[in-house]
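Colleague: After the structure tokens below, expect a handful of questions from me.
Values in this text are rule-based calculations from the coordinates and carry no lab data. Keep in mind that this is a model prediction, so the values were computed, not measured. FYI the Cβ positions are ideal-geometry reconstructions off the backbone, even for glycines, and counts take in every protein chain you see.
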Amino acid sequence: MSGFGGVLSFALDGGYDIVKKFLPQLRFVHMGASLGSVSTLAGPPRTTSHVELTEEQRKLLGIPESLIRYSVGIENVEDLIGDLEAALASL
């Protein structure tokens with residue numbers, strides 16, 4: 001393998017409440033904890049990979065409550081970009 005991977009993360013301005021508003025707006029993305037699928041997946045570490053940690057523990061590890069992990073699948077990239085733009089514009 002060479003080049004870049006298909007997993008990225010980003011934090012929204014605001015806390016977990018903004019994540020709860022953002023994620024349902026995504027039309028081409030499945031919500032999930034797994035990052036090993038051909039479908040695009042998104043999920044906040046707060047409720048997926050780091051759910052067993054307290055908010056304070058996540059903070060100490062540098063994991064903001066508004067962080068989203070986004071694993072790009074095989075969908076059309078223009079659809080995914082448009083989907084992200086529309087979801088962000090809805091906030």
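Colleague: Rounded to the nearest 5, what % of DSSP beta bridges with both residues in the chain are antiparallel?
Modeller: 80
Colleague: Taking a ≥ b ≥ c as the square roots of the eigenvalues of the Cα gyration tensor of the chain, is the shape rounded (a/c under 1.5), prolate (a/b larger than b/c) or oblate?
Modeller: oblate
Colleague: Please compute the modelled spin-label separation between GLU75 and MET31, points set 7 Å along Cα→Cβ, answer in nm with one decimal.
Modeller: 1.4
Colleague: At 222 nm, what helix-only mean residue ellipticity would the chain give, in deg cm²/dmol to the nearest 500, using -39500 (n - 2.57) for each DSSP H run of four or more?
Modeller: Calculated mean residue ellipticity at 222 nm is -8000 deg cm²/dmol.
Colleague: If you don't mind, another one. Arrange ILE68, ILE81 by Cβ neighbour counts within 10 Å, fewest through most, would you?
Modeller: ILE81, ILE68
Colleague: I need the GluC sites (Glu not before Pro) found in the stretch 1-85, filtered to DSSP loop residues with at most 11 other beta carbons within 10 Å of theirs.
Modeller: Here the GluC sites (Glu not before Pro) that fit, given the DSSP loop and packing criteria, are GLU52.
Colleague: What full-extension length gain, to one decimal in nm, is calculated for SER2 and SER90 as 0.36 nm per residue of separation minus the Cα-Cα distance?
Modeller: Length gained, SER2 through SER90: 28.1 nm.
Colleague: Here's something else I'd like to know. Pick from LEU80, LEU61, LEU23 the residue whose mean-square fluctuation is largest in a GNM of the chain, springs joining Cα atoms under 10 Å.
Modeller: Highest fluctuation among the options: LEU61.
Colleague: I've got another one for you. Around GLY6, with a cut-off of 14 angstrom between Cβ atoms, what is the net charge of the other residues, counting Lys and Arg +1 and Asp and Glu -1?
Modeller: 0
Colleague: Enter the angle in degrees (range 0 to 90, nearest 10) between the Cα long axis of helix 77-89 and the first principal axis of the Cα atoms of the chain, meaning the one along which they spread out most.
Modeller: Orientation of helix 77-89: about 40 degrees from the principal axis.
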